[in-house]
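Here is the structure we will look at, set down as C-alpha cells.
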Amino acid sequence: MPEPAIAHAHQFESAEQQRDADTLGMWTFLATEVLFFGGLIMCYTFGRFSYPQAFEAASHHLYVGYGGPNTAILLCSSFTMALAVRSAQLGRRKALVGFLIATILFGLGFLVVKGFEYHTDYVEQLVPRWRFHWEGADAGHAELFFWLYFVLTGLHAIHVTIGVGLLTVVAILGWRGRITAENHMTAEITGLYWHFVDIVWVFLFPLLYLIGHR
Amino acid sequence: MNNEPENYLSEHSVRSWLLTTDHKRIGILYLLSILVYFAVAAVAAALMRLTLLNPTGDLVLPETYNKLFTLHGVLMVWFFLIPSIPAVLGNFVIPMMIGARDVAFPKLNLLSWYLFNIGGLCVLYAVVVGGVDTGWTFYTPYSTTYANGHVVTMIMGVFIAGFGSILTGLNFIVTIHKMRAPGLTWFRLPLFIWSLYSTSLILVLATPVLAITLLAIAVERLWGVGIFDPNLGGDPVLFQHMFWFYSHPAVYIMILPGMGVISEVIPCFSRKRIFGYHFVAFSSIAIAVVGFSVWGHHMFVSSQSVYAAMVFSVLSFIVAVPSAIKVFNWTATLYKGSISYDTPMLYAFGFIGLFTIGGLTGLFLASIAVDVHLHDTYFVVAHFHYIMVGGMVLSFMGGLHYWWPKITGRMYPEIMGRIAALVTFIGFNLTFFPQFLLGYLGQPRRYHAYPPEFQVFHVLSTAGASILGIGYLMPLLYFVWSLKYGQRAPANPWKATGLEWQTPSPPPSENFHETPIVTEEPYDYHPEADELPPEPQHA
Amino acid sequence: MSHTIVPLKTYATIFVLLMVLLGLTVGVAYLDLGALNLAAAMAIAVAKAILIILFFMHIRYGRKLTWVFAGAGFFWLAILLVLAMTDYATR
C-alpha cells in the first residue's frame with residue numbers, strides 16, 4: 001500500500017528539521033499574502049474613511065444572500081480541510097482523499113456562487129466604467145467602492161482557484177499513497193494555504209457586504 | 001576553470017547550470033544576470049551625463065531623457081542593487097557561514113532566479129518597444145492616466161521580479177532559523193548573517209505591498225478606472241503612501257547587506273574582534289523594523305498632513321541612530337587593530353566615509369523645513385547616490401574581492417585591486433559631490449536642461465562619471481583574467497574566522513565533508529598574537 | 001508539532017462556533033449600532049480568524065516561533081494602516 005517513509009531532502013539533517021522548515025516557509029509566505037491583500041485593505045480604509053455614506057449605500061447593493069452562504073461554504077471547506085489533514089496524520093488514505101474532494105467541491109461551489117453574483121452585479125449595472133449606473137449623489141465614490149469590491153473579490157477568487165488546483169494535486173498524491181502518516185507535510189502546508197484563503201474571505205464579507213447596518 | 005579536486009564547478013554542462021539547485025551556482029547565475037542589467041543602466045547614465053554637459057541638454061529629445069532616467073532607476077534599484085549582495089554573495093555564503101549544505105528550499109531558489117530574469121526581460125522589452133517616461137517611482141496620475149508608452153509591460157516586469165525577491169528573502173529567513181550547525185547560536189553568528197536576516201525581513205514584508213500597488217496601476221490603466229483617480233474621489237497621494245511603504249524599506253534592502261560585508265571585512269583586516277557585537281546585531285534589526293515607519297519623509301511636499309509629516313520626520317531622525325551605532329562600532333574596531341590595506345579593506349574605508357556623508361545628508365532631508373527647499377533637487381540625487389554607490393556598491397565590490405578566492409579558487413591581482421578601488425573612490429566623489437552643490441543652489445532633478453551658470457558642476461560630474469566607469473571596468477577585466485591566470489587560492493587566504501573559510505576554495509558541492517560543530521565566539525581575532533595574513537602575490 | 005493529532009470533537013466544536021459567529025455577524029448587521037457596527041463586525045471577524053489560526057492551522061499546538069511568524073504579517077499591515085491614516089485623519 002503506501003511507500004515506506006520518505007527520507008528527508010539532502011539539505012536537511014532530519015525529517016523533523018524539514019517539517020519545521022516547511023511550516024515556517026509556508027507561514028512566511030502567508031505573511032506576504034497578508035500584506036498583499038493588505039495593500040488593497042489600505043485602499044479600502046482610505047475610501048471608507050473618506051466617503052462613509054457612499055460606501056454604505058454601495059455596500060447595500062450587494063446581496064447578503066450571496067455573501068452569507070459563500071462565507072458558510074468556505075467555513076465548511078476549512079472544516080473538511082482540517083479533517084483531511086487529520087486523516088493524513090493518521091495514515092487514513094481513503095478518508096484523506098474523501099475530505100479533500102469535499103473541500104474541493106466546497107471551493108468550486110464558492111466560485112459558482114461568485115459567478116452567479118458577478119452576473120447579477122453586471123445585470124444591475126454595478127461594474128465600474130463598463131456597465132455602471134448609479135442613482136443618487138456620490139456616483140464617483142460609489143464607483144470606487146465597486147472597484148474595490150471587484151478587485152478584492154476577484155483577487156480572492158483567483159486564490160481560491162489556485163487552492164482548488166493545489167488540492168486536486170494533493171488529492172491525486174493522496175490517492176496514489178504518496179501521503180503517509182510519516183510524510184504528510186504536503187497536506188498540512190496546503191491546508192495552511194487553504195485556511196488562509198478562508199480567513200481573507202472572513203474579513204472581506206463584513207467589510208464589503210455589511211457596512212453600517214441593513 | 002579548475003581541474004583539481006571535485007568542487008561545485010566541476011560539472012560543465014549548460015544543463016547543469018540552468019537546472020542547478022546548488023546555492024553557489026545560483027549565486028553566480030545572479031552575478032552574471034545583474035552585470036547585464038547594470039551595464040544597460042550604466043549606458044543610460046552615461047547618456048544622461050553626456051546630455052547634461054550642455055545647458056540646453058539637446059543631445060537627446062526631452063522625452064528620451066525622461067525614458068533614460070526611468071530606465072536607469074528601474075534597472076539599478078530592482079535589477080542591480082536589491083539582488084546584488086543578497087542574491088549573489090548571500091546565496092553563496094549564507095549556507096556556508098552557518099555550516100549547512102544548502103538553503104532550505106533550493107528549488108525555490110532556482111525559481112527566484114528565473115522569475116528575476118523573466119521580469120528583467122519584460123522591462124528590457126518595454127524599453128525596446130518605446131520606453132517609459134514616468135520615472136522609476138511611477139507616480140499617479142501620470143502613470144495611470146496620461147503616460148504614453150509601455151507602463152503596464154514595465155510594471156509587470158518589476159512585479160514578476162518582485163516575487164523572485166520574496167522567494168529569496170523567504171529562503172534566507174527559514175534557512176537562518178532552522179539550519180544552523182550544532183553550537184551555532186544566534187549570538188555566535190557572523191554579523192553578515194544578522195544583516196541579511198534583517199534584509200530578508202524587509203524583502204518578505206515590504207515587497208508584497210509594492211506588488212499590489214503596481215497591480216493597482218496596471219488595473220487602472222487597463223480598466224480605465226481606479227482608486228488613484230481624482231475624478232472619482234480617488235487619491236493620487238494614496239499611491240505615494242503605498243509605494244513608499246515599500247520603497248523606503250527597500251533602500252534599507254540596499255544598504256543593510258553592505259553593512260554586513262563591512263562587519264566581516266573590518267575585523268578581518270584589523271585582526272581584531274568586532275567592537276560591540278550585540279549592538280551591531282540589534283542595530284540591523286532596528287533599522288529593518290523602524291525603517292518601515294518613516295516613508296512619509298518622501299512626501300513632505302505632497303499635500304500630506306503636516307501632523308503626519310512631523311511624525312514621519314521624528315521617526316526618520318530615530319532611524320539614523322542604529323546606523324550611526326554601526327559606524328561607531330566599526331571605527332572602535334579599528335582602534336588598536338593591526339590594519340592592512342588589502343583591496344576589501346580599502347573599499348570598507350571608502351564605505352564608512354561615504355555612507356556617513358550620505359546618511360548625514362539624509363538628516364537634512366528629514367527636517368521638514370529644509371526638505372521643502374531640497375525636495376526634488378540634485379541634493380536628493382547626491383544623497384542617495386552617496387549611500388547606494390558610495391555605500392552599497394563599494395561594499396559589494398569589497399565583498400566580491402573578499403570572497404572571490406572562495407568562489408573561484410583564484411586570487412585577483414592585488415595591486416590592480418587597490419588601484420581600481422582608488423580610481424572608483426575618486427571618480428565617485430567627483431561625480432556626486434558637485435551634485436550636492438547643484439541641489440543646494442536650486443537645480444531640480446530629472447531636468448535635461450538648466451541655467452548656464454550651473455554648467456561647471458555638470459561638467460565636473462560628467463568627468464567624474466568617466467573616471468568612475470574606469471573604476472568599474474578594471475575589476476571586470478581583472479576578475480575575468482584571474483579565472484585563468486590568477487594565483488590559486490588556499491582555503492583561507494585572509495586567515496579569516498568563519499565557517500566558510502574552513503572548507504576548500506572552491507568548495508565541494510555539499511560545502512562541508514562533515515557537518516561542522518561550533519564552539520567558539522565569532523571574530524576570534526588577536527592583533528598582538530596573530531601573524532598578519534600572508535602578503536598576497538602581486539600580478 | 002505536526003505530531004499533535006487534534007481530536008475530532010475539537011474540530012467539530014470549533015466549526016460550530018464559527019458558524020454561530022457567522023450568524024452573529026449577519027444578525028448584528030441588521031441592528032443599528034452606529035459606529036459600533038464596524039467594531040462589532042471586525043471583532044467577530046477577528047474571533048473567527050483566531051479560531052481558524054489556533055485550531056485548524058495548528059498554531060495552538062505548535063512552536064512559539066510559529067506564533068511570531070503568524071502574527072508578523074498582521075502587525076506589519078497595522079503599521080501601514082495606522083501611519084497612513086494619520087495623514088488622512090489629520091488633513
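The values are calculated or read from the model by the stated rules, or taken from the named source; none is laboratory data. As the structure is a prediction and not an experimental result, all values here were calculated from the model. Cβ coordinates were reconstructed from backbone atoms using ideal geometry, including for glycine residues, and neighbour counts include every protein chain displayed.
The table that follows gives values for the structure above.
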{"read-out": "Subset of segment B:52-73 [farther than 12 Å from B:Arg446 by Cα and of a type outside the set (A, V, I, L, M)]", "value": "B:Asn54, B:Pro55, B:Thr56, B:Asp58"}
{"read-out": "Candidates A:Arg131, A:Arg93, A:Arg86 - the one that is more than 14 Å from every other protein chain (Cβ to nearest Cβ) and basic (Lys, Arg)", "value": "A:Arg93"}
{"read-out": "Per-region count, segment B:291-308, residues in a loop (DSSP other than H, G, I, E, B) and more than 7 Å from chain C (Cβ to nearest Cβ)", "value": "6"}
{"read-out": "Some residue of segment A:30-40 being at the interface with chain C (Cβ under 10 Å from one of its Cβ atoms), over 28 Å from B:Thr175 (Cα atoms) and of a type in the set (D, E, K, R)", "value": "no"}
{"read-out": "Some residue of segment B:277-290 being surrounded by fewer than 24 Cβ atoms within 10 Å (Cβ to Cβ), more than 27 Å from B:Leu499 (Cβ to Cβ), in contact with a Pro (Cβ under 8 Å, 6 or more places away or on another chain) and at pLDDT 95 or above", "value": "yes"}
{"read-out": "One residue from B:Lys67, B:Lys24 being part of a helix (DSSP H, G or I), modelled with pLDDT of 95 or more, basic (Lys, Arg) and in contact with an Asp or Glu (Cβ under 7 Å, 6 or more places away or on another chain)", "value": "B:Lys67"}
{"read-out": "Residue check, A:Thr186 touching a Leu at 6+ places or on another chain (Cβ under 9 Å), within 14 Å of chain C (Cβ to nearest Cβ) and of a type in the set (Val, Ile, Thr)", "value": "yes"}
{"read-out": "Boolean, A:Gly67 is under 30 Å from A:Val151 (Cβ atoms), among the small types (Gly, Ala, Ser) and assigned to a helix (DSSP H, G or I)", "value": "yes"}
{"read-out": "In segment B:430-442, the residues that are surrounded by fewer than 20 Cβ atoms within 10 Å (Cβ to Cβ) and in contact (Cβ under 8 Å) with a residue 60 or more places away in the chain", "value": "B:Tyr440, B:Gly442"}
{"read-out": "Every pair of residues 6+ apart whose Cβ atoms lie under 9 Å, when the first sits in segment B:80-102 and is closer than 20 Å to B:Arg188 by Cα while the second is outside any helix (DSSP H, G or I) and among the basic types (Lys, Arg)", "value": "B:Pro95/B:Arg101; B:Ile98/B:Arg180; B:Gly99/B:Arg180; B:Ala100/B:Arg180"}
{"read-out": "One residue from B:Val123, B:Val127, B:Val132 being more than 14 Å from every other protein chain (Cβ to nearest Cβ), assigned to a loop (DSSP other than H, G, I, E, B) and under 23 Å from B:Leu61 (Cα atoms)", "value": "B:Val132"}
{"read-out": "Test: residue in segment B:178-190 that is more than 14 Å from chain A (Cβ to nearest Cβ) and either among the aliphatic types (A, V, I, L, M) or closer than 14 Å to A:Thr28 by Cβ (or both)", "value": "yes"}
{"read-out": "Residues of segment B:493-507 classified as in a loop (DSSP other than H, G, I, E, B) and within 14 Å of B:Gly409 (Cβ to Cβ), total", "value": "6"}
{"read-out": "So B:Met416, is it within 19 Å of B:Val480 (Cα to Cα), in contact with a helix residue (DSSP H, G or I) (Cβ under 8 Å, 6 or more places away or on another chain), of a type in the set (A, V, I, L, M, F, W, C) and in contact (Cβ under 8 Å) with a residue 60 or more places away in the chain", "value": "yes"}
{"read-out": "Lone unmet requirement of (1) part of a helix (DSSP H, G or I); (2) in contact with a helix residue (DSSP H, G or I) (Cβ under 6 Å, 6 or more places away or on another chain) for B:His448", "value": "(1)"}
{"read-out": "Segment C:38-91, subset within 7 Å of chain A (Cβ to nearest Cβ), over 22 Å from A:Phe196 (Cα atoms) and surrounded by fewer than 21 Cβ atoms within 10 Å (Cβ to Cβ), residue nearest to the chain's Cα centre (by Cα)", "value": "C:Met85"}
{"read-out": "Of all residues making up segment C:1-33, the number that are touching a His at 6+ places or on another chain (Cβ under 8 Å), in contact (Cβ under 8 Å) with a residue 40 or more places away in the chain and surrounded by fewer than 18 Cβ atoms within 10 Å (Cβ to Cβ)", "value": "2"}
{"read-out": "Criterion (surrounded by 24 or more Cβ atoms within 10 Å (Cβ to Cβ), part of a helix (DSSP H, G or I), touching a Gly at 6+ places or on another chain (Cβ under 6 Å) and at pLDDT 95 or above) met by exactly one of B:Ser165, B:Ser200, B:Ser143", "value": "B:Ser200"}
{"read-out": "Residues located in segment B:286-327, provided they are under 23 Å from the mean Cα position of the chain (by Cα) and of a type in the set (Val, Ile, Thr)", "value": "B:Ile287, B:Val289, B:Val290, B:Val294, B:Ile318, B:Val319, B:Val321, B:Ile325, B:Val327"}
{"read-out": "Residue that is among the aromatic types (Phe, Trp, Tyr), more than 17 Å from the chain's Cα centre (by Cα), farther than 18 Å from A:Gln89 by Cα and in a helix (DSSP H, G or I), where the choices are A:Phe203, A:Phe146, A:Phe150", "value": "A:Phe146"}
{"read-out": "Residues of segment B:370-420 that turn out to be of a type in the set (A, V, I, L, M, F, W, C) and either at pLDDT below 95 or farther than 30 Å from B:Ile94 by Cβ (or both), as a count", "value": "9"}
{"read-out": "Some residue of segment A:155-173 being assigned to a loop (DSSP other than H, G, I, E, B) and closer than 30 Å to A:Leu210 by Cα", "value": "no"}
{"read-out": "Flag for A:Val170 being more than 11 Å from chain C (Cβ to nearest Cβ), buried (at least 21 other Cβ atoms within 10 Å of the Cβ) and either under 19 Å from A:Leu111 (Cβ atoms) or over 17 Å from the mean Cα position of the chain (by Cα) (or both)", "value": "yes"}
{"read-out": "Qualifying positions in segment C:16-32 - at the interface with chain A (Cβ under 7 Å from one of its Cβ atoms), hydrophobic (A, V, I, L, M, F, W, C) and either out of contact with any Lys or Arg (no Cβ under 7 Å at 6 or more places or on another chain) or closer than 16 Å to A:Leu75 by Cβ (or both)", "value": "C:Leu18, C:Met19, C:Leu22, C:Val26, C:Leu31"}
{"read-out": "Extreme residue, surrounded by the most Cβ atoms within 10 Å (Cβ to Cβ), among residues of segment B:252-276 that are of a type in the set (Lys, Arg) and touching a Gly at 6+ places or on another chain (Cβ under 8 Å)", "value": "B:Lys272"}
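Per-residue answers, yes or no, for (1) touching a helix residue (DSSP H, G or I) at 6+ places or on another chain (Cβ under 6 Å); (2) part of a helix (DSSP H, G or I):
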| position | (1), (2) |
| --- | --- |
| A:Ala7 | no, no |
| A:His10 | no, no |
| A:Glu13 | no, no |
| A:Gln18 | no, yes |
| A:Thr28 | yes, yes |
| A:Phe36 | yes, yes |
| A:Phe46 | yes, yes |
| A:Ala58 | yes, yes |
| A:His61 | no, no |
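This table checks each residue for (1) out of contact with any Gly (no Cβ under 8 Å at 6 or more places or on another chain); (2) surrounded by 18 or more Cβ atoms within 10 Å (Cβ to Cβ).
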site	(1), (2)
B:Phe317	yes, no
B:Pro322	yes, yes
B:Asn329	no, yes
B:Pro344	no, yes
B:Gly358	no, yes
